[in-house]
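The values are calculated or read from the model by the stated rules, or taken from the named source; none is laboratory data. Everything quoted here is computed from the prediction, not taken from an experiment. As a convention, Cβ positions derive from the backbone with ideal geometry for all residues, glycine included, and neighbour counts pool all protein chains shown.
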Amino acid sequence: MRIRPGIEIAGLTDVGCQRENNEDSLGYWESADDAVFARLGRLAVVADGMGGHEGGQIASHIAVEAIQQTYSNAADADPQKVLIAALQEAHHRIQRRANEDPELQGMGTTCTACAIVGSRVYYAHVGDSRLYLLRNGTLRVLSRDHSLVARLIETGVIRQEDAESHPQRHVLTAALGVADDVEPDFPAEPLSLEKSDVLLICTDGLWGQLTEAEMKNVLSSQPPADACQALVGLAKEHGGPDNVTLQIARIV
């Protein structure tokens, strides 16, 4: 696939140090058609599956495929609406597949999808895969985790600094394919991008093993392809208990 100028992008997925299967998936798409590209821009997706008997692997793969298909075929001119519809379509496809195979019952996946259209970024997400923005030396999380710990922080039960060591920090409150309905999180307005901004989407196998300072140092000092390798390497040095998946885009 030809990637148009204006961006440097790279992605990487790794099984990690303790898992036998890689249940994460990732995808990148941009249209070869200039008119479609002007309307829908570039799409990057990561998903972190869960469920026994290869269910997680299948769920995350279905999610990425469904989102790319739905997004790339959309007639709607609003990328934000299309992203939300694409995640909902992925949710239904995962459920249909689980209903066909009893061994896949209960499978699901987190998912974070972002679209860079012109100088704006749109996103939608479910679960605890994250979207980060690095701008002028400051790294911040744009997405909001659908997790028990995030809910406890929001309601004031625990402090932010206690979240990293909380025993239930990986317990999700939402995922694609699991409940009857799904309500993806999305921003009220698209974010305007600036030159040298870096976007990172990643599964919790990455952000759960690294400090934000470590992530910021790598993203600030290395181009996307090298940064992907370095961040996966750090997650594995820290034990790599989970699969690690990420995509990094730098605005040039």
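See the values below:
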read-out	value
Filter result (among the aliphatic types (A, V, I, L, M), under 13 Å from Ser72 (Cβ atoms) and in contact with a Lys or Arg (Cβ under 8 Å, 6 or more places away or on another chain)) within the stretch 1-48	Ala32
Selection status of Glu89, in contact (Cβ under 8 Å) with a residue 12 or more places away in the chain and in contact with a Lys or Arg (Cβ under 7 Å, 6 or more places away or on another chain)	no
Candidates Arg96, Arg19, Arg42, Arg4, filtered to the one that is closer than 21 Å to Leu191 by Cβ, over 15 Å from the mean Cα position of the chain (by Cα) and among the charged types (D, E, K, R)	Arg4
Within the stretch 92-154, strands (runs of 3 or more DSSP E) holding 3 or more residues that are closer than 16 Å to Val182 by Cα and touching a residue at least 24 places away in the same chain (Cβ under 8 Å)	108-117, 120-126
Yes/no for Ala59 being touching a Cys at 6+ places or on another chain (Cβ under 8 Å), closer than 18 Å to Ala175 by Cβ and part of a helix (DSSP H, G or I)	no
Conditions (1) at pLDDT below 95; (2) surrounded by 18 or more Cβ atoms within 10 Å (Cβ to Cβ): number failed by Glu54	(2)
Identity of the residue in the stretch 224-252, under 15 Å from the mean Cα position of the chain (by Cα) and in a strand (DSSP E or B), that ends up surrounded by the most Cβ atoms within 10 Å (Cβ to Cβ)	Val244
